[in-house]
Amino acid sequence: MGAQKSIHAGNAKIDFNVDFTHKLCAALMLHSSRNTDSPLSLVIGSLCIKHPNLFGKSEKLDVLWDKGLYDSNVLIAYRKPRPEWLSQQSFSIQHSVSPEIGVHGVPVDNYSRSGSGGVNLCRFSAGLDLSEPASSNWSSKTSVKFEHVRPINDDGRSISRDLHGFPVTCSGGYHDSMVVIKQESRFAKASEHSFTRFNLQIEQGIPLLSKWLIFNRFKFVASKGIRLGPAFLLTSFTGGSIVGDIAPYQAFAIGGLGSVRGYGEGAVGCGRSCVVANTEVTLPLNRTIEGAVFLDCGSDLGSGRYVPALRHGKPGSGVGVGYGLRFKSSLGHFQVDYAVNAFQQRTVYVGFNSIGS
């Protein structure tokens with residue numbers, strides 16, 4: 001259930017968007033070791049508050065809150081308008097809690113699923129984003145943020161080691177702190193029969209204090225789509241690497257929806273480096289339904305020994321193949337994929353994307 005409301009505060013209008021849902025079905029079907037005796041633990045919801053004119057000069061304030069069954073996120077963003085030819089500035093504060101399954105999850109059912117490893121990340125960040133004016137097909141954004149990461153167990157207590165006794169932080173203590181400068185560049189070009197996209201992210205950890213992390217992390221995603229008669233071919237290639245200090249939660253996790261289908265999240269491997277390639281061909285079956293076949297593959301390039309991944313027997317590389325259906329409607333896009341991994345384990349993925357998202 002949800003509600004939307006707009007109120008007037010002086011000359012400004014404040015928009016509220018609230019949505020709460022009690023996940024009774026999920027609670028009955030989901031097997032978990034966590035304590036879910038409290039009714040509030042079975043409630044998911046979101047709250048969005050937008051103020052378009054905070055101090056009377058078109059300053060924008062956004063407050064976003066999301067709660068899942070086992071995760072939560074609070075984001076406060078403040079933007080002050082500037083001329084279009086100057087960098088747009090945004091100050092943000094964020095606090096989130098989420099399970100770390102990609103690295104610490106335990107693969108089960110021939111790597112088709114990843115069970116909880118009992119490690120959750122409590123993150124706090126505060127910083128400044130600078131978005132440069134778009135030039136031709138390129139756009140870029142630079143951010144400077146302070147980050148504090150504290151691993152906790154399923155009961156909310158701080159931990160320094162996982163269930164197997166391995167460190168979950170780079171410092172070896174109960175938390176990691178860092179100042180990160182991030183540069184992101186994007187290229188996008190589209191025509192009637194094809195499109196090209198490229199995204200490059202570079203992060204640099206600055207050790208303002210001796211115990212803070214120092215590292216360089218880069219990741220890129222390149223994708224190309226080409227129409228071949230009635231069919232459409234989509235290929236993408238993802239890669240990345242980390243040099244310097246590395247906490248386990250910073251590793252690249254390979255496997256799952258959006259990576260290598262047929263495997264659980266992070267069940268292929270995780271390490272300092274990664275490469276993932278995806279190829280998919282879709283063919284319209286009628287006005288609203290498309291059929292698809294796909295091939296996914298990925299590898300940690302032998303870098304899994306630097307993070308706690310190999311002790312779970314993760315193979316380090318994997319291939320997934322399958323087919324699916326895409327349904328288009330006025331409400332959004334509905335997607336069903338059937339994937340088979342290298343261990344002949346079969347997995348079905350179901351997804352929905354609304355038009356406005």
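The values are calculated or read from the model by the stated rules, or taken from the named source; none is laboratory data. The shown structure was predicted, so the numbers you read here are calculated from the model rather than taken from an experiment. Quick reminder, even Gly has a Cβ in these numbers, built from the backbone with ideal geometry, and neighbours come from all protein chains shown. To get the accessible areas, we keep the full protein, side chains included, count just its heavy atoms, and leave off ligands, DNA and RNA. Shrake-Rupley method; radii C 1.70, N 1.55, O 1.52, S 1.80 Å.
Listed values, structure above:
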read-out	value
Cβ pairs under 6 Å, 6+ apart, first in region 69-96 and farther than 16 Å from Ser139 by Cβ, second charged (D, E, K, R) and modelled with pLDDT of 85 or more	Asn73/Asp66; Ala77/Asp62; Arg79/Lys60; Lys80/Glu59; Ser96/Arg123
Members of region 79-106 found to be closer than 14 Å to Ser131 by Cα and either of a type in the set (Gly, Ala, Ser) or surrounded by fewer than 16 Cβ atoms within 10 Å (Cβ to Cβ) (or both), listed by number	Lys80, Pro81, Arg82, Pro83, Glu84, Trp85, Leu86, Ser87, Gln89, Ser90, Phe91, Ser92
Out of Glu203, Glu184, sole residue that is in contact (Cβ under 8 Å) with a residue 24 or more places away in the chain, among the charged types (D, E, K, R) and within 30 Å of Gly105 (Cβ to Cβ)	Glu184
Residue among Arg161, Arg150 that is within 19 Å of Val103 (Cβ to Cβ) and free of Cβ contacts under 8 Å to residues at least 24 places away in the same chain	Arg161
All positions within region 114-153 that are open to solvent by 50 Å² or more (accessible area, probe 1.4 Å), closer than 21 Å to Ala253 by Cα and either at pLDDT below 95 or in contact with a Gly (Cβ under 8 Å, 6 or more places away or on another chain) (or both)	Ser116
Exclusive hit being of a type in the set (A, V, I, L, M, F, W, C), buried (at least 19 other Cβ atoms within 10 Å of the Cβ) and either under 23 Å from the mean Cα position of the chain (by Cα) or within 30 Å of Ile214 (Cα to Cα) (or both), set Phe352, Phe252	Phe252
Positions within region 153-162 being basic (Lys, Arg) and either in a loop (DSSP other than H, G, I, E, B) or in contact with a helix residue (DSSP H, G or I) (Cβ under 9 Å, 6 or more places away or on another chain) (or both), in sequence order	Arg157
